[in-house]
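S.K.: Here it is, the structure in full.
The values are calculated or read from the model by the stated rules, or taken from the named source; none is laboratory data. Just so it is clear, the structure is predicted and the values come from calculations on it, not from any experiment. Every residue, glycine as well, gets a Cβ built from its backbone with ideal geometry; the counts of neighbours run over all protein chains shown. Accessible surface is based on the protein model in full, side chains and every heavy atom, while ligands, DNA and RNA are left aside. Shrake-Rupley method; radii C 1.70, N 1.55, O 1.52, S 1.80 Å.
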Amino acid sequence: MRADLLYDECAKRPEGTTFFQRDLTSMQVANDVEELVKMVSDLSKRHLLQPLQFDGETCWKLRPRDIADKLLKLVPDERLLYQYIDNAQTEGVWSKALRAKTNLAQPTVTKYLKSLEAKDLIQAVMSVKTPNRKMYLLKHLKPSEDVAGGPWQNEGDFDTALIDIATQVIGKKVQEETCIKVAGNWNNYTSADRQAAIAHKKVQVKGVPDIEELLPVQPYHPPMEPAQPKLVHRTNPFYPTTASLAEYLNSIQLLRGKTVRESDMEQLLEMMVLDGTLEKVTATTYRTVLQPPKQVYNGFVDAPCGNCPVFDLCSDEGPITARTCVYFAEWLETTSEEAN
Amino acid sequence: MSYTQRETPILVELCTFLVEDMYGELASRVFSVLARFGRQRRAEISKASYLNSNQISLGLVILTQQHLVFHSPSTEPVVFYDIDWQQSYALVRHAKIAHFVEERFDKKTANVVSNLLTLGHSSVADLREAYFASYKGEEGAVNGTKVNGSVNGVNGNGDTSKTNGTHREQDEETLGSPDELYAIIQTLMEHGWVIQVAEAQYLSAEDMHNVARQQALNDRWGGAVPTGIKDKDMLAHLIRENKRRMRDAWLEVPQFSSRKRKADDFDYGSNKRTKLNGGGQYGSTGGSESSAEDDLVIRVNPEKAAVAMRNEYLVSLVEQRISYSTARLYEIMLRSLEKNIPRCFEEYPDPPPLNVEDQPQHEPNLEHVVNAKDVAQRAKILNIDICNGLDPNAIARIVKNTTVGKDGVLSPAVDPSSLNFHERLELVEAHFKLLEDHPFRFVVWQARGQYRVDFDVMAKTLIQQEIENTVLARKSNIGMKLIRALKKKGKLDERQLCNTMMASPNDIRTIVNDLTVQGFVQTQEVPKVDRREAKLSLHLIWYDVQRAREKLLHDTYKGQVRILQRIAFERKKIQELLSKANRTDVAGNETKYLKQSELDDLKKWKEVQEKLLLQLSREDDLVAVLRDYCGPLLTA
């Protein structure tokens with residue numbers, strides 16, 4: 001058929017091109033306007049061309065043959081639904097909104113949406129903005145950010161595994177740029193005579209009766225672990241920014257097929273600040289938090305009471321008291337009174 | 001339910017425990033009556049307790065001597081008594097204060113301070129008398145001047161283990177001459193550790209306010225109460241000013257007449273001793289030979305301990321967060337400021353002006369400025385490794401002839417003691433840069449070579465940090481993240497919270513619930529329509545620092561009470577053994593008279609007690625952070 005020739009000709013253009021009448025005429029498949037109109041209407045009937053409106057002018061878009069074939073087999077109501085879903089493009093459309101637009105009964109809508117889904121024409125996604133709404137959009141489309149969320153989200157939920165990995169990668173990158181790893185022996189000046197000098201000083205200090213002037217003498221602090229490298233902040237580094245880190249993450253292609261915008265990166269970095277891995281230097285720059293060698297909490301939570309699950313029930317009298325406390329007994333390695 | 005039957009407020013319980021531990025049962029009975037019923041007269045105390053008049057007098061004398069109770073001004077016809085909660089809680093800090101003083105001065109000074117703490121307050125003459133009346137040992141002599149014999153708790157308490165511990169080294173802490181004592185007292189007063197006793201210290205907040213108000217009225221309006229709005233503002237301002245003036249007067253150091261004292265020295269021998277022997281009542285000396293300051297009545301400044309505790313806390317924080325050497329330099333810096341800081345925050349501040357333009361942009365306190373030069377100088381004396389904790393590249397830039405190899409190894413190595421002044425100064429400033437860059441803003445750059453410490457700003461961060469710490473220890477990272485997210489963003493609904501924390505609602509819900517139950521986080525329901533329907537309401541989660549702070553403070557008090565109760569319980573368990581070990585013939589000869597199992601039990605008890613007391617004092621550190629470093633936080 002000659003109409004297929006027109007379709008093939010159009011298919012040579014880049015995907016998603018819209019064709020106006022002048023474009024189709026210039027392809028010189030049809031001999032005159034009348035024939036062209038016939039061909040177009042033929043293709044439209046077979047759903048190979050999708051009629052559109054642009055500035056009041058009619059134009060068309062190509063549909064892949066397989067989809068067109070499926071569309072041919074649809075019942076009218078299904079087709080109507082399909083059209084509305086198609087119109088919504090990547091934003092998707094909510095089933096209730098569909099019902100309102102099409103004026104169909106709810107069971108019909110549900111039934112046809114199911115059948116469309118079964119035919120691989122549309123897909124349902126959870127909206128991030130409104131978690132309890134199912135949004136429908138065409139199968140071959142990727143849901144927009146509004147619906148699916150940024151690169152960190154998957155099917156409406158945060159992709160924890162992905163976030164963890166991204167956090168590690170970014171954390172490492174920031175650490176490289178803002179910190180320097182120093183070997184244990186980085187400044188290996190502690191020689192024997194220094195030890196002697198300290199000892200000598202100690203003798204001196206003790207020997208001199210008027211120790212007020214020398215006090216308080218701090219004890220010499222030995223390096224924590226000589227072989228253990230440790231991190232220190234660089235002096236005057238170029239602090240990484242949201243933009244530079246976004247660029248870095250895109251360049252290593254950690255997120256396949258997804259690009260990270262600055263706003264996405266900011267979200268991740270702010271989360272890392274809350275997490276305690278990074279700290280903010282200025283509005284857009286970050287650096288690593290130096291983790292203390294040993295996490296020290298406070299006196300309250302180190303005692304049994306601070307972590308006690310029955311702390312609020314504990315009183316002076318009754319089944320739970322300081323005397324009957326099992327946690328105190330465990331901590332002090334003594335025995336407690338038996339509760340009665 | 002009557003008030004007496006309700007659950008005792010936790011601070012009452014804690015302080016009663018402390019008083020009982022330190023000053024025995026009688027004092028604590030009177031104390032607990034006052035604590036439970038509040039401000040009252042003597043007659044009411046005797047009605048509420050089963051004590052006779054004599055016993056109540058005795059109890060009140062102890063409490064008054066120790067500054068644990070307020071009483072209304074002596075000009076009033078009837079005297080009301082009320083509890084000084086700050087001072088009562090401060091009993092837990094006695095050992096700490098002595099320790100701080102020893103660290104900053106020496107053992108002799110610490111001994112004087114711990115004796116002053118035991119005495120509550122004392123005139124200088126009495127103190128001298130106690131030290132030099134007999135040479136048997138200062139502690140026994142000082143005990144002799146005590147108001148009554150019921151003071152038995154201190155030694156058994158262990159709270160003063162630090163002070164007791166110092167007694168062994170008699171040589172280092174025995175005062176040589178009265179002159180030395182005077183010098184020590186003068187130094188302590190100059191540094192603000194010891195202050196004068198004044199009657200206003202016995203005024204409760206309400207009485208103090210009335211006195212200050214009356215004074216303002218008399219001074220300006222001739223006793224009449226002004227009516228205009230402007231005048232009322234003026235009055236409020238004058239009251240605050242009077243309060244501040246009253247309080248600052250205590251800190252004044254009188255002119256010590258050192259020359260005169262030297263002259264007195266010669267006849268310090270026997271006649272003095274006979275004359276004043278047994279004279280325990282303070283202020284009763286006044287002999288012709290006594291020095292001018294003998295009449296001076298002094299006590300330990302209760303607010304100074306918090307200042308020292310704040311410094312220690314900040315230093316330990318720097319050590320954890322930045323590096324050991326930076327912490328040492330910071331310590332030098334804070335210590336040098338300490339002398340000028342009598343208290344952590346102004347209790348009677350003037351309110352900020354109402355219109356926004358007049359409000360000062362957080363006026364920096366110039367008393368909190370330190371020269372980097374001085375710190376560098378001091379670091380040299382203390383032999384601190386000022387290279388440690390810095391970027392090797394920075395050191396190579398500062399120190400000549402040194403390069404950085406791979407792995408950041410310096411070649412040749414830099415010995416910090418061999419550096420010249422200029423290099424040292426630059427290294428110290430590099431450390432200060434680290435302090436300044438830290439989100440806590442440990443120091444603020446003031447001018448070239450000068451750095452300032454903004455304690456007030458930091459105090460809020462510290463409270464937040466301790467709350468986070470507590471949550472972190474209980475609930476792992478996600479709880480802390482939640483608190484921080486809410487702190488940063490304010491009230492959030494669940495979805496916004498998930499977005500900020502980048503976590504799924506299911507992970508967050510349990511944590512929100514737990515934290516709500518613990519009282520760190522609040523939830524709020526705002527209906528969108530006039531029916532209250534769950535679906536049509538906004539469910540907000542929010543966090544208020546002040547609330548969380550109060551809750552944690554309350555919990556910490558409770559934790560302290562539990563520790564004291566546990567100590568009492570552990571002691572009771574081996575009461576028999578303890579009384580045996582304390583018998584005069586057994587004490588000192590334990591190995592001879594006690595069985596091996598008994599010795600083991602005794603050792604175990606000591607360990608347990610030490611562990612519990614250490615924890616008590618660490619919980620006190622937390623109390624200080626939450627309560628003592630800044631006033632109520634009005635805005636979250």
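S.K.: Which pairs have Cβ atoms under 7 Å, sit 6 or more apart or on different chains, and link a residue in the range B:315-343 that is closer than 30 Å to B:Val253 by Cα to one that is part of a helix (DSSP H, G or I) and small (Gly, Ala, Ser)?
M.R.: Pairs that qualify, where the first residue is closer than 30 Å to B:Val253 by Cα and the partner is part of a helix (DSSP H, G or I) and small (Gly, Ala, Ser), are B:Val315/B:Ala327; B:Leu329/B:Ala379; B:Ile332/B:Ala379; B:Glu338/B:Ala308.
S.K.: A follow-up question, please. Out of all the residues in the range A:165-178, which are among the hydrophobic types (A, V, I, L, M, F, W, C) and surrounded by fewer than 19 Cβ atoms within 10 Å (Cβ to Cβ)?
M.R.: A:Ile165, A:Val169
S.K.: Mind checking whether some residue in the range B:573-596 is within 17 Å of A:Asn307 (Cα to Cα) and open to solvent by less than 60 Å² (accessible area, probe 1.4 Å)?
M.R.: Of the range B:573-596, the ones within 17 Å of A:Asn307 (Cα to Cα) are none.
No: zero hits.
S.K.: Given the conditions (1) under 30 Å from B:Lys487 (Cβ atoms); (2) more than 14 Å from chain A (Cβ to nearest Cβ), and given that B:Tyr593 satisfies all but one, which numbered condition is not satisfied?
M.R.: Failed condition: (1).
S.K.: Are any residues in the range B:499-524 under 15 Å from B:His539 (Cβ atoms), among the hydroxyl-bearing types (Ser, Thr, Tyr) and open to solvent by 50 Å² or more (accessible area, probe 1.4 Å), and if so, which ones?
M.R.: Answer for the range B:499-524, where residues must be under 15 Å from B:His539 (Cβ atoms), among the hydroxyl-bearing types (Ser, Thr, Tyr) and open to solvent by 50 Å² or more (accessible area, probe 1.4 Å): just B:Thr523.
S.K.: On to the next question. Residues to consider are B:Asp620, B:Asp628, B:Asp555, B:Asp530; find the one that is open to solvent by less than 80 Å² (accessible area, probe 1.4 Å) and either among the aromatic types (Phe, Trp, Tyr) or more than 10 Å from chain A (Cβ to nearest Cβ) (or both).
M.R.: Checking each option against the conditions leaves just B:Asp628.
S.K.: I need the strands (runs of 3 or more DSSP E) fully contained in the range A:107-200, keeping only those with at least 1 residues that are modelled with pLDDT under 85, over 29 Å from A:Glu279 (Cα atoms) and polar (S, T, N, Q).
M.R.: Per the criteria, A:122-126.
S.K.: Are there helices (runs of 4 or more DSSP H) fully within the range A:235-340 with at least 3 residues that are among the polar types (S, T, N, Q)? List them. Walk me through it before giving the result.
M.R.: Working: elements: A:242-251, A:262-275, A:299-302, A:326-332.
In the range A:235-340, the matching helices (runs of 4 or more DSSP H) lie at A:242-251.
S.K.: What single numbered condition from (1) more than 20 Å from A:Phe158 (Cβ to Cβ); (2) among the polar types (S, T, N, Q); (3) facing another protein chain (nearest Cβ under 9 Å); (4) surrounded by 13 or more Cβ atoms within 10 Å (Cβ to Cβ) fails to hold for A:Gln295?
M.R.: For A:Gln295, the exception is condition (4).
S.K.: Name the single residue, out of those in the range B:198-216 being of a type outside the set (Lys, Arg) and open to solvent by 40 Å² or more (accessible area, probe 1.4 Å), that is nearest to the chain's Cα centre (by Cα).
M.R.: That would be B:Ala205.
S.K.: Can you tell me which residue within the range B:376-416, out of those that are among the polar types (S, T, N, Q) and farther than 13 Å from A:Asn187 by Cα, is nearest to the other protein chains (Cβ to nearest Cβ)? Break it down into steps so the answer makes sense when it comes.
M.R.: Taking the range B:376-416 first, the residues among the polar types (S, T, N, Q) are B:377, B:383, B:388, B:393, B:401-403, B:411.
With the extra rule that they be farther than 13 Å from A:Asn187 by Cα, the set shrinks to B:377, B:383, B:401.
Working: B:Gln377: 13, B:Asn383: 7, B:Asn401: 14 Å.
For the range B:376-416, the residue satisfying everything is B:Asn383.
S.K.: Write out, first by first residue and then by second, each pair whose Cβ atoms fall under 7 Å of each other, whose residues are 6+ apart or on separate chains, and whose first residue, in the range B:561-586, is more than 12 Å from chain A (Cβ to nearest Cβ) while the second is open to solvent by 70 Å² or more (accessible area, probe 1.4 Å).
M.R.: Taking only residues 6 or more apart or on different chains, the pairs are B:Leu577/B:Asp601; B:Val586/B:Tyr593.
S.K.: Specify which of the listed residues (B:Lys433, B:Lys373) is facing another protein chain (nearest Cβ under 8 Å) and at pLDDT 85 or above. Please lay out each step first, then the result.
M.R.: On the way: B:Lys373 fails: facing another protein chain (nearest Cβ under 8 Å).
Of B:Lys433, B:Lys373, the one residue that is facing another protein chain (nearest Cβ under 8 Å) and at pLDDT 85 or above is B:Lys433.
S.K.: Going by the conditions given, is A:Glu279 more than 7 Å from chain B (Cβ to nearest Cβ), acidic (Asp, Glu) and either out of contact with any strand residue (DSSP E or B) (no Cβ under 7 Å at 6 or more places or on another chain) or farther than 18 Å from B:Leu564 by Cα (or both)?
M.R.: no
S.K.: Across the range B:591-634, what is the total count of residues that are of a type in the set (Phe, Trp, Tyr) and in contact (Cβ under 8 Å) with a residue 40 or more places away in the chain?
M.R.: Selection size over the range B:591-634: 1.
S.K.: How many residues does the range B:431-483 contain that are closer than 19 Å to B:Pro364 by Cβ, surrounded by fewer than 22 Cβ atoms within 10 Å (Cβ to Cβ) and among the β-branched types (Val, Ile, Thr)?
M.R.: Counting residues in the range B:431-483 that are closer than 19 Å to B:Pro364 by Cβ, surrounded by fewer than 22 Cβ atoms within 10 Å (Cβ to Cβ) and among the β-branched types (Val, Ile, Thr) gives 3.
S.K.: Hey, could you check the range B:535-549 for residues that are within 14 Å of chain A (Cβ to nearest Cβ) and out of contact with any strand residue (DSSP E or B) (no Cβ under 8 Å at 6 or more places or on another chain) and say which is nearest to B:Arg495 (Cα to Cα)?
M.R.: Here the residue is B:Lys535.
S.K.: Given the conditions (1) buried (at least 23 other Cβ atoms within 10 Å of the Cβ); (2) modelled with pLDDT under 80, report the number of the one that B:Val124 does not fulfil.
M.R.: Only one criterion is unmet by B:Val124, namely (2).
S.K.: Considering only residues that are touching a helix residue (DSSP H, G or I) at 6+ places or on another chain (Cβ under 7 Å) and within 17 Å of A:Val289 (Cβ to Cβ), which ones fall in the range B:442-461?
M.R.: Across the range B:442-461, the qualifying residue is only B:Phe442.
S.K.: Return the residues of the range B:483-541 that are more than 34 Å from the chain's Cα centre (by Cα) and of a type in the set (Gly, Ala, Ser); say none if nothing qualifies.
M.R.: Across the range B:483-541, the qualifying residues are B:Ala503, B:Ser504, B:Ala534, B:Ser537.
S.K.: Got a sec? Which of A:Arg13, A:Arg22 is in a loop (DSSP other than H, G, I, E, B) and of a type outside the set (A, V, I, L, M, F, W, C)?
M.R.: The unique qualifying residue is A:Arg13.
S.K.: Now for a separate question. Before we move on, is A:Arg287 in contact (Cβ under 8 Å) with a residue 60 or more places away in the chain and either charged (D, E, K, R) or more than 10 Å from chain B (Cβ to nearest Cβ) (or both)?
M.R.: Values: in contact (Cβ under 8 Å) with a residue 60 or more places away in the chain: yes; either charged (D, E, K, R) or more than 10 Å from chain B (Cβ to nearest Cβ) (or both): yes.
In short, yes.
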